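Accompanying notes for the structure given below.
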Amino acid sequence: MILDLVLLFLILLVAIAMVITTNLVHVVIYGAIFSLLSALVYLVMAAPDVALTEAAIGACITTCLFLAVLKVIKVENGQIRSHWGVLGACVIFLVIICIHSLDLHYYGDINAVTNQGVVDYYKQHFAEDAGLLSMVNVILSSYRGFDTFGETLLIFIAGMCVWLVVGRDRFIKGKTDEK
């Protein structure tokens, strides 16, 4: 209980810091801290698989991609010089999200596809089938183990791609310095 409150308070502080700061590099770093704190919240909530995914994708891969984008776009003193390209990309992204959100079912809709079929079996038998208390862990490790393996493989591949993109310059510079 106390740990939950401390983590939520820290998340709130980091979110406020992200909104207040004007330096984009600081915003990316605060985003990584936010993701790590979120991963800790998931871990406390007995969802280690979600915590691991949040730490890998939210804190690691997303942070590396944001830092790579900051390296590419025109940034002076931590602020974007040209706002029009960024604004255009944000508007396009927002329109795409709005269009796709029209197909979503209402939260708690009994007739939604996600509430049909095998979901009822999962809800009723997860504890006796696997002997675990977390339905999420049973679904990901037992019922959908092959999918989870594929997702883990995708996270690994994405991490290696980020390492190749971000770490490649350092590797090349290290080789040229040795000659």
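The figures follow:
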| quantity | calculated |
| --- | --- |
| Pairs with Cβ under 9 Å, 6+ apart, first in the stretch 62-73 and of a type outside the set (D, E, K, R), second at pLDDT below 75 and in a loop (DSSP other than H, G, I, E, B) | 70/78; 73/81; 73/82 |
| Residue 16 being at pLDDT 85 or above and over 17 Å from residue 158 (Cβ atoms) | yes |
| Residue in the stretch 132-150 that is touching a strand residue (DSSP E or B) at 6+ places or on another chain (Cβ under 9 Å), modelled with pLDDT under 75 and among the basic types (Lys, Arg) present | no |
| Positions within the stretch 44-70 being among the aliphatic types (A, V, I, L, M), farther than 26 Å from residue 89 by Cα and either surrounded by fewer than 17 Cβ atoms within 10 Å (Cβ to Cβ) or touching a His at 6+ places or on another chain (Cβ under 7 Å) (or both), in sequence order | 44, 45, 46, 52 |
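The values are calculated or read from the model by the stated rules, or taken from the named source; none is laboratory data. Just so it is clear, the structure is predicted and the values come from calculations on it, not from any experiment. Neighbour counts are summed over all protein chains in view; Cβ atoms, including those assigned to glycine, are modelled from backbone coordinates with ideal geometry.
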